[in-house]
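The values are calculated or read from the model by the stated rules, or taken from the named source; none is laboratory data. The structure displayed is predicted, hence computed values, not measured ones. Because the Cβ atoms are built from the backbone with ideal geometry, glycine has one as well, and the counts that use them run over all protein chains shown. Heavy atoms of the whole protein, side chains included, go into the accessibility calculation; ligands, DNA and RNA do not. Shrake-Rupley method; radii C 1.70, N 1.55, O 1.52, S 1.80 Å.
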There are 2 protein chains.
Amino acid sequence: MKIIDKVNQKIAANEKFFSFEFFPPRTQEGVEALFERQERMVAHGPVFCDITWGAGGSTADVTLDIATTMQSQICIDTMMHLTCTNMPVEKLDEALKEVKKHGLQNILALRGDPPKGQEKFEAIEGGFNCALDLVKYIRSEFGDYFGICVAGYPEAHPDTIVEDPVQMEKNYQENIAYLKNKVEAGGEFIITQLFYDIDVFFKFVKDCRSAGINVPILPGIMPIMTYGGFKRMTGFCKTKVPQELSDKIEELKDNEEALKLFGMDHGADMCRKLLAGGVPGLHMYSLNLEATVFGILERIGFIDTAKVPRHMPWRLVPMGTRRQVEGVRPISWANRSRSYITKTSCWNSFPTNSWGAEQSKLLSLAIADSSAKSRNMSEGRKKKSLEAWGSELSTLEDVKAVFTKYFKGEISLFPWSDAPAQSSASVLSRVEALINTDVLPIHVQSSVHDVASEDAGAGWGGPGGYVYQKGYVEAFVSPSKFKELLPKLKSSSNLTYVASNNGGDVHSNASASGISAVTWGVFAGKEVVQPYIFDKDSFLSWKGEAFSLWESGWAALYETGSASSQLLKDMQSSWYLVAILDNEFVPKDPLAIFGA
Amino acid sequence: MKIIDKVNQKIAANEKFFSFEFFPPRTQEGVEALFERQERMVAHGPVFCDITWGAGGSTADVTLDIATTMQSQICIDTMMHLTCTNMPVEKLDEALKEVKKHGLQNILALRGDPPKGQEKFEAIEGGFNCALDLVKYIRSEFGDYFGICVAGYPEAHPDTIVEDPVQMEKNYQENIAYLKNKVEAGGEFIITQLFYDIDVFFKFVKDCRSAGINVPILPGIMPIMTYGGFKRMTGFCKTKVPQELSDKIEELKDNEEALKLFGMDHGADMCRKLLAGGVPGLHMYSLNLEATVFGILERIGFIDTAKVPRHMPWRLVPMGTRRQVEGVRPISWANRSRSYITKTSCWNSFPTNSWGAEQSKLLSLAIADSSAKSRNMSEGRKKKSLEAWGSELSTLEDVKAVFTKYFKGEISLFPWSDAPAQSSASVLSRVEALINTDVLPIHVQSSVHDVASEDAGAGWGGPGGYVYQKGYVEAFVSPSKFKELLPKLKSSSNLTYVASNNGGDVHSNASASGISAVTWGVFAGKEVVQPYIFDKDSFLSWKGEAFSLWESGWAALYETGSASSQLLKDMQSSWYLVAILDNEFVPKDPLAIFGA
């Protein structure tokens, strides 16, 4: 979706909003850490996020990769910065086509800084000279496809900031005129350069309006985090720092903690004044860190870090894409939603209120199609994984220890999950007992009954409703344990189960067409919402991925033929994956004991 | 759906089944009473029902009307008898085309009795001589559209029953040969003439099989209800009555009650023996009465009159029609499902798991289309209604009294419902209080929470699940009371409401696109089932019908311009119809009081 449309919706509804800016890290480990941080930050509901273009064009490919992942995997409307630095037209064209392919629809068009080692910006051969040309190019080549944002400089562009007040005023006015040109060429809204003087910002907005620039102007908020960073940024951008602020920062110079807290208080104060002065939203330069930005947004009541809003049990995919209408997913992928999103990205329409047997067939086809596309683990992830899981696995006990540590929260990486485990104490004690008996769980959820939808734990879907969930366990089970388990499963009346080893020895009491609700919610003004279902066919599609992760997600860390690798491969080939759904989700009435 | 397909499914699943036969009453009141009885009888799940052809063709139109109503309104797979008596080919053709138009797909083809006053059957000009010709005609003109059943005579056709044993054996064999011809011409299963000697029946089945007749043979069970009826039927059909039975009936001749009970015990005994001997199902000649038939079926464990099975909160429409897949309806029509079925019969597909805003538009179009087609009240219904509601209404109190009596169960007719009210004691006491304050309810349902789906009261959908329901009230409210009520509705946080007078003064807190689940259920192996929803647009479609019933369903009973008629029309034009849905369906936890 175009950000300007979301911004205009928010303005029309008089809802103030916020957005986060990130920059591309220089290492693959840094990129992975950024994605983890983005998962946490996006959960709080920014209207969009943006990612800057690799400084001097050096990390252009990384930016492209991050931008498309943000859009399609982190599931946030993403704006990619694009600069003219070191970019001949063909490269610009390539970059725009690439992000378009991934559904990304928003570009912040900039001239960019001079390439490294150069003092002054000069257009390269076959490249553009200024952001205006870039805006015009995007519009001429891609029509209305992209939403375009342009930068505004409340104190004029640093290159044009001079001592002489007469010349300065002239430069400032030229800046405004140039900004107007960018807007007229296609810029749909403006994000400003950082500033610390509120009056400067409001004067700039007033001057823009007088000049006939009527698009939304979002203030860029650069939180104060460290003394060095603050000095570097304000120096580089020639930012005017009010005396009082400057004095305070010098005072706290050597007290890191105090400065951080001051940065949050000061940022919150700035934001309050900006909002009171009528800005529609706040664009937060996060510097890829969450603490200060969260601190500011919490202080002004925009977020509550103790309460992550969940519209659905999974992250909603950006609005305006076909995926937005998605309403149902198979429970097996609950902890690997990125994989699910990728594998089903070929679909033209998504199940909304119900799954249906036909959908399971589509899923199996989609998975067959996408099986070759899974990404290799990065070196960084490999290193971290070895640290977490052990550089050598001698016995089954070593493997079990990894499952135990994961569920205890001692390690966050796990082949069968995108995210750290969040086990309740009661689940945890039982998981440890399970592992001792050769039942290695990869997903455990307790039943949920009559829980208020605003509940910080199990709630989702906004206030005023009730949410429900059936108990569900998915676990790898040793062949001998499975032999013991099967008669119990067969004789149970409450449980729906499907089990299979990698070879396809399938056991189940689920009918082929039986699709069970797993998670659902009831709200005022809504039909029943049913985000997760369980059925035999979807499970059988998932089991391929689950078994392959023994190898691609774990054994691949070790040398082929090593004892560690062999141990995991043996488990892959002989153990069973068992999924059990408990249909008895209503707790026994504690009053029933009285015969009431 | 063709009955033979259902019968074969049951046979394959080794599920014994039953069916009911009815005959066309001679008066309109009788027809209306029959429909009421059929509603109750069909609720217990017969595989099909059939209706005999008016004796001598005299009530042919009534039969057609009943057959099509059974199929499309009572919602049961219906088989219509068709005889050659007094029926030239054109008339047969007309009748077949008429029932086909209504989705009825099953015919029991018979020669029929001689017309009244005639001793012997003779074909009329342009008519058929025997059932075989009729079977051939149906197949030649309608191909495979109709499922065809033919009659079997275990003791040979009464016309061919003679004293001489040699001639009798010859006649019997000719009967079997003729039956074989009927089957070969297209008869798909056989229902037998009544009999009381089990051995006769089993010999007949054996002789059929020896002759190469391999289709299912259903025994026709004629329960013994009255002495006179028994003597008349066995005399007319020349039925062999075992001496023991004959003695018993003579013994109980003057004890009506004892004979009825004996009839049930005897019928149950016969049925048990037939089932033990391998019959796939039982065809019950109900004689349009339910007590004895229910008594027999209860004795053999086929039904439990205390527990009506409900697959959905409404009756499922016969299998194989497009309507079968229907899964969601607006709550407003819950008490007028026949009207809803009729008005939406033009739809090509029905909502399954969700309603959706689009569906409300379709509903409004369908209702606009069908508005002219509503049936006039019969004279019989008019008479009964006047008795129930009063031949004169002088004041508002007289109108209120009708609402009170209806909810108390003192009268069964009510303009806004197909069926008698079934109010719990707690609802009833509150309804009376409401009526006193100028709130005249037409639909009241309490909330249902965590109720086992097999519960005899609120349960539906088969065993092993849980059902839920939000509290819902629909009521006509006087203008002054509405003025008082509206601010309360507006300030409530739990309630969704829509109100309108006949003139279209609409008040609501429901968003245009907001569709609320009203009734839902959660089962193993099923997605969430959601039979009833509430939304503003559907309610606004319904209100037209609700307001028009003041006139067509009530005021029309009185002379135009009479005080009674004027009183009702005044209410029609000034009162508001208010629908209120309580989204707080979870009862307050009684343990919460302890702070637990």
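Could you say which residue among A:110, A:132, A:92, A:64 is in the same structural domain as residue A:180 (by TED's automatic domain parsing), open to solvent by less than 10 Å² (accessible area, probe 1.4 Å) and not small (Gly, Ala, Ser)?
Criteria check complete, one pass: A:92.
Would it be correct to say that residue B:133 is charged (D, E, K, R) and under 30 Å from residue B:258 (Cα atoms)?
Considered against the rule, which asks whether it is charged (D, E, K, R) and under 30 Å from residue B:258 (Cα atoms), residue B:133 comes out as no.
Looking only at the range A:500-523, which residues are open to solvent by less than 50 Å² (accessible area, probe 1.4 Å), more than 20 Å from residue A:447 (Cβ to Cβ) and touching a strand residue (DSSP E or B) at 6+ places or on another chain (Cβ under 9 Å)?
A:500, A:501, A:507, A:508
Say we look at the range B:6-29 and pick out the residues that are in contact (Cβ under 8 Å) with a residue 40 or more places away in the chain and in a helix (DSSP H, G or I); which of these is least open to solvent (accessible area, probe 1.4 Å)?
B:7
So how many residues does the range B:192-219 have that are out of contact with any Lys or Arg (no Cβ under 8 Å at 6 or more places or on another chain), open to solvent by 10 Å² or more (accessible area, probe 1.4 Å) and not aliphatic (A, V, I, L, M)?
Going through the range B:192-219 one residue at a time, the tally reaches 10.
Going through the range B:95-104 one residue at a time, which ones are open to solvent by 10 Å² or more (accessible area, probe 1.4 Å) and either at pLDDT 90 or above or assigned to a helix (DSSP H, G or I) (or both)?
Correct list: B:97, B:98, B:100, B:101.
So is residue A:289 among the aliphatic types (A, V, I, L, M) and in a helix (DSSP H, G or I) or not?
No; evaluated as a whole, the condition is false for this residue.
Does residue B:461 satisfy the condition of being of a type outside the set (Lys, Arg), part of a loop (DSSP other than H, G, I, E, B) and within 14 Å of another protein chain (Cβ to nearest Cβ)?
It is true that residue B:461 is of a type outside the set (Lys, Arg), part of a loop (DSSP other than H, G, I, E, B) and within 14 Å of another protein chain (Cβ to nearest Cβ).
How many residues, within the range B:550-566, are crowded, with 19+ Cβ neighbours inside 10 Å and of a type in the set (A, V, I, L, M, F, W, C)?
So the count comes out to 4.
Pairs please, first residue from the range B:343-354 and basic (Lys, Arg), second anywhere and open to solvent by 20 Å² or more (accessible area, probe 1.4 Å), Cβ atoms under 7 Å, 6+ apart in sequence or on different chains.
Final answer for the pair search is B:343/B:367.
Given the structure, is residue A:331 closer than 30 Å to residue A:214 by Cα and surrounded by 18 or more Cβ atoms within 10 Å (Cβ to Cβ)?
no
Of B:393, B:440, which residue is modelled with pLDDT of 95 or more and in a loop (DSSP other than H, G, I, E, B)?
B:393
Report yes if some residue within the range B:339-362 is in a strand (DSSP E or B), crowded, with 19+ Cβ neighbours inside 10 Å and either of a type outside the set (Ser, Thr, Tyr) or not assigned by TED's automatic domain parsing to the domain that holds residue B:470 (or both); otherwise report no.
Within the range B:339-362, none of the residues are in a strand (DSSP E or B), crowded, with 19+ Cβ neighbours inside 10 Å and either of a type outside the set (Ser, Thr, Tyr) or not assigned by TED's automatic domain parsing to the domain that holds residue B:470 (or both).
Is it the case that some residue within the range B:477-492 is within 14 Å of chain A (Cβ to nearest Cβ), modelled with pLDDT under 95 and open to solvent by 10 Å² or more (accessible area, probe 1.4 Å)?
The answer is yes, given that some residue of the range B:477-492 is within 14 Å of chain A (Cβ to nearest Cβ), modelled with pLDDT under 95 and open to solvent by 10 Å² or more (accessible area, probe 1.4 Å).
Checking residue A:205 against (1) among the β-branched types (Val, Ile, Thr); (2) within 17 Å of residue A:173 (Cα to Cα); (3) in a loop (DSSP other than H, G, I, E, B): exactly one of these is not met. Which one?
Condition not satisfied by residue A:205: (3).
Given the criterion more than 13 Å from chain B (Cβ to nearest Cβ) and within 25 Å of residue A:423 (Cα to Cα), identify the matching residue among A:451, A:473, A:467, A:498.
A:473
Looking at (1) surrounded by 16 or more Cβ atoms within 10 Å (Cβ to Cβ); (2) within 30 Å of residue A:148 (Cα to Cα), find the lone condition where residue A:252 falls short.
Failed condition: (2).
Over 28 Å from the mean Cα position of the chain (by Cα) and either open to solvent by 60 Å² or more (accessible area, probe 1.4 Å) or modelled with pLDDT under 85 (or both): does that describe residue B:121?
yes
In this structure, does residue B:262 turn out to be out of contact with any strand residue (DSSP E or B) (no Cβ under 7 Å at 6 or more places or on another chain) and surrounded by fewer than 16 Cβ atoms within 10 Å (Cβ to Cβ)?
In short, no.
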